[in-house]
Every structure is written in structure tokens, then in C-alpha cells.
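Accompanying notes for the structure given below.
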Amino acid sequence: MFSTLSFLARANVVNRLTRSDPAKVARLRETRFRKLLRAATRSPLYRDKFRGLDLARCPLDALPTLNKHEAMARFDDWATDRAVTLRAAEAFVGDFANVGRLFLGKYVLMHTSGSSGQAVILVQPRAAVDLLFTLQMTRGNATGDTGVREAYRKFRNPARLAIVTLKEGFYPTGATFEFYPRQLRHFVHLRRLSQTDPDLIAKLNDYSPTVVTAYATALQELADEFEAGRLKLPGLKHVVNNSELLTEPARERLLKVFGVPVFNNYATAECMHLTTGCPTDPGMHVNADWSILEVVDADNRPVPPGVTGSKVLLTNLANTVQPVIRYEVPDRVTLATAGCRCGSRLPRVERVEGRGQENFWAHRGGEWVRVDAFIIKAALNYCTDSFDWQAEQDEPGVIRLAVAVLPGRELDVPRLRFRLDEQLALYGLRGLVRIEPRGVSRIAPDPRTGKVRRSICRTGPAETPR
Ligand SMILES: [Zn+2]
């Protein structure tokens, strides 16, 4: 009982902070940042990288960045606990019986899918996972209320949360929900369902969730079922997109079909509590008391709000076991220039354009030329009937583009061709590669990861990872 009360008290403090003076959030962040740097001195990897720096005073942007190849190459030197080795971690994730168990008796282990190149194994303290749930249940709550009365109401009439993911495993969402805090179970009942279960709709109807959390593609399928009247969610309060890119037209459709707030969370496995979706406006709020999101250009220089960066640098203030400090993630993020209607004063991400490293290839005079998938995204920004896409390339000259259109609409192919041509010309690629669009009703997710692979490239220079 005491742990439940202290959990609630903490949750209330966490929630109220969203409306606090940004200077107060900055002070908390600074304290946690210095604590993280002190912890990082126990990591041989960071000791090498930070040599000669005054860690008690140096500004964030004076620190070197870290990328996943370097981190994985020196995995045994990365953690602050010498018992964390690649060999032990790989053996642990290699055995499915370990799902739901703590690595070395104390850490939550997960791995990224590797769909964007190299897989990364991540080790975090249990407290970091508790923090993730606390943030989700407070800042990611449609009522926005976490006071005593709301807690009592939830205790009498607990929320019913349906998590629609893949089957069990060490992928981030799956691994995390294995460690759903005991203290929360009085207030929020949880049921995990598989998105590939043929009885999914019947099970959802039976459970009648108040909150549905799923990948973006699965949410679109649920919206179809809901529109067709087969899925009934009479008590639904909000829906949450986790870990997959939710485009703005797709978010608007969910909003219209379900008629409840849509929380669009943006995070990576390296910092799962990075943001919480905004209940009123596009994008999401950075949990700036527990993480630092730097939106930068290709040379790590910060770009101002309203300008799309080339990548982001993440600092996770909650993980002192395997420090993530100025960690490079190739996402193109745009910070919002204006505040929003939900009342949160935390910084807001306006848009995430996915992994910037996705690309295709063309030939020019015997040389390989990179064709950034951003070109396709930019052209599709003009195509308001679309909500998802997938591009495939098997030979240098041709990219096949499947565009998922909203129900009842049709893809305007000539118009999209014109926009694609315009983008190719902008990057000096017209005539080198032909993009052939076609309209489809749905893009099927990769059965291995449960997520849509937007760019599939089977050609290019030999050294390119596929
Ligand atoms: Zn907001």
C-alpha cells in the first residue's frame, strides 16, 4: 500500500511539471545531467571519449557524440557495470525463457529490430521502465488529471488498457510491458493482444478497453473494423501510437473515426520515455526533465524550431547503467515554433519524418548516386489522400512506390508523378531514376517486426547494408 501511495505522489509531481516554468524543468534536467556524467566515468568507453573535459561544468554541446556502431563495437566497455558483456547479453536474449526476467537479476534487456541496419542491445535499470510507465499514465492520459480524486475514481473503476503488439519477445514494446509496475495494476488493468491473432476483434470487443495502444498500421486496421461496425469500443477514452511513424493524415483519420484524442508517441529504444503524444495538437511533447533532444544538421549544429534537422542527438537522463549521451539517431525532426492547446509547456515536436538514412540508388556515368527516401516523403506531403507508403527497388533505374490511400479516395497518379519529378529535379536526379506510383488500400507490416518497412532497397554499392 505504501509503495502504491508513493508511486501516486510521484506520478502527481511528474504530471504537474508539464505546466511548470521551463526554468524549473531546466534546473531538474541539469542536476540529472551532471549525475549521468558522473555515472558515465565508470564506463571505459565514455572515460576515453570524455578525457580532458571538466564534466562538472562543460556544456552539453562540448561533449562528443556517440553512434550505434561505435557503441556496439565497444559493447563491453559501454555499461557502467562491468558484469554487462555482449556475450552474456546475447546469451540472455537468445533464450526465450528469459522474456520477463531481469538480466543479471536487475536490468531490463531489449534489442532493436535492426531493420535500419545494425541491431543494438540495450540494458536499463528497472527504475527507467517504471519512469516510462509513470509518464505514460500521467502525461499520456486524456483527462490530464492525476490528483487524489482521479486516483480514487480509477481505483473504483480501473482503466482497461489493451496493448496490441506482436507476441512476446525482447523487442522494445514487448520487453517493456513485461515489467508493468505492480503499483499501477490497481488503477489500470492491462491486457496484451497479438496483432496477428485472428480473434483480435472478438477479444477486443470482449475486453472493451478504455485505451488502445498499438503500432500505427495496426491502428489503421482497427479503424477499418470500427468503421465497418465489427469493432465496438463504447468506453474508449484515447488511443496511443507506439514506436512506429504515424503520419499526420493517418492521425487525423484516427481522430475522426474513433472520436477520441490520439497520442502519437515518438521514441527510440535508446530513450523510450523521450516524448508523450499531445492530446490536442499534432506531434508530441519532449519529456525534457528526463531526456535531452537535440535537433541538429549533418554537422551536429543545432537547427532552430520550424527547421527540419538531418538527425537528432539523444541523451537519456534515466539510464545510468548503459549511458546514452548525445547518441546519434538519423531521424528528421522539426520542433514546433508555437505552443499548443493542451496546456503543456514542455517543448513540442511538430513532425517526425522518419529515418533519414533510408535511401535508394541510381547510376550516373558508371557511378552510384544516392537517392534519399526523403524525396518520396516530400512529394507525398502534397498528396492529401495518402496515409502511408512503401517503396521498393530491385534495379538502379526504377523505384516502385505503393501509396495507401484513405478509404473512399483514389490516388491522383499524374499529380503525384508531377510532384515526384519536381523533387527529383530539385536534387539533380531527374532522368536517373523513375518512380512508379500506384494506389493500394493498405501496406502490410513486416511479419518479423510488426512494423511497415517503408524503404526496401535490394540494389546499390556492394558495401551497403541491406
Ligand atoms: Zn500539447
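The values are calculated or read from the model by the stated rules, or taken from the named source; none is laboratory data. Just so it is clear, the structure is predicted and the values come from calculations on it, not from any experiment. Every residue, glycine among them, receives a Cβ derived from its backbone with ideal geometry; neighbour counts consider all protein chains shown. Protein only, heavy atoms only, side chains kept; ligands, DNA and RNA dropped before computing areas. Shrake-Rupley method; radii C 1.70, N 1.55, O 1.52, S 1.80 Å.
Answer yes or no as to whether Asp81 is surrounded by 14 or more Cβ atoms within 10 Å (Cβ to Cβ) and without any contact (Cβ under 8 Å) to a residue 24 or more places away in the chain. I'd like the intermediate steps shown before the answer.
On the way: surrounded by 14 or more Cβ atoms within 10 Å (Cβ to Cβ): yes; without any contact (Cβ under 8 Å) to a residue 24 or more places away in the chain: no.
Considered against the rule, which asks whether it is surrounded by 14 or more Cβ atoms within 10 Å (Cβ to Cβ) and without any contact (Cβ under 8 Å) to a residue 24 or more places away in the chain, Asp81 comes out as no.
Only one residue in Arg27, Arg34, Arg47, Arg38 is charged (D, E, K, R), open to solvent by less than 50 Å² (accessible area, probe 1.4 Å), in a helix (DSSP H, G or I) and free of Cβ contacts under 8 Å to residues at least 24 places away in the same chain, so which one is that? So that I can check it myself, show each step before the final result.
On the way: Arg27 fails: open to solvent by less than 50 Å² (accessible area, probe 1.4 Å); Arg47 fails: open to solvent by less than 50 Å² (accessible area, probe 1.4 Å); Arg38 fails: open to solvent by less than 50 Å² (accessible area, probe 1.4 Å).
Matching residue, one of Arg27, Arg34, Arg47, Arg38: Arg34.
Do we find a residue being closer than 28 Å to Lys68 by Cβ, touching an Asp or Glu at 6+ places or on another chain (Cβ under 6 Å), open to solvent by 20 Å² or more (accessible area, probe 1.4 Å) and without any contact (Cβ under 8 Å) to a residue 24 or more places away in the chain anywhere in the stretch 283-303?
Yes: one or more hits.
Could you check how many residues of the stretch 287-321 are under 27 Å from Asp372 (Cα atoms) and either in contact with a Phe, Trp or Tyr (Cβ under 6 Å, 6 or more places away or on another chain) or within 16 Å of the ligand (Cβ to nearest atom) (or both)?
So the answer is 3.
Looking only at helices (runs of 4 or more DSSP H) that lie completely in the stretch 134-214, which have at least 2 residues being modelled with pLDDT of 85 or more and over 23 Å from Arg448 (Cβ atoms)?
Correct list: 200-207.
Any chance the stretch 344-351 includes a residue that's open to solvent by 30 Å² or more (accessible area, probe 1.4 Å), under 30 Å from Glu422 (Cα atoms) and at pLDDT 85 or above?
yes
Considering only residues that are surrounded by 19 or more Cβ atoms within 10 Å (Cβ to Cβ) and part of a loop (DSSP other than H, G, I, E, B), look in the stretch 326-336 and name the one that is nearest to the ligand (Cβ to nearest atom).
Ala336
Tell me, yes or no, whether the stretch 390-403 has at least one residue that is open to solvent by 70 Å² or more (accessible area, probe 1.4 Å) and of a type in the set (Lys, Arg).
Checking the stretch 390-403: at least one residue is open to solvent by 70 Å² or more (accessible area, probe 1.4 Å) and of a type in the set (Lys, Arg).
Buried (at least 18 other Cβ atoms within 10 Å of the Cβ), more than 16 Å from the ligand (Cβ to nearest atom) and closer than 20 Å to Leu246 by Cβ: does that describe Ile435?
When the stated conditions are applied, Ile435 does not pass them.
Mind listing just one residue for me: the one in the stretch 376-386 that is over 17 Å from Arg458 (Cβ atoms) and at pLDDT 80 or above and, of those, farthest from the chain's Cα centre (by Cα)? It would help to see each step written out before you state the result.
Our first condition is that a residue be over 17 Å from Arg458 (Cβ atoms); within the stretch 376-386, this holds for 377-386.
Add one more test, that the residue is at pLDDT 80 or above, and what stays is 379-380, 386.
Details: Ala379: 23, Leu380: 21, Ser386: 21 Å.
The extreme case among them is Ala379.
State whether one or more residues within the stretch 228-240 are closer than 30 Å to Leu66 by Cα and open to solvent by 20 Å² or more (accessible area, probe 1.4 Å).
No, the conditions are met nowhere in the stretch 228-240.
Just to be sure before I move on: is Pro279 within 16 Å of the ligand (Cβ to nearest atom) and more than 15 Å from the chain's Cα centre (by Cα) in the structure I sent?
For Pro279, the condition - within 16 Å of the ligand (Cβ to nearest atom) and more than 15 Å from the chain's Cα centre (by Cα) - is met.
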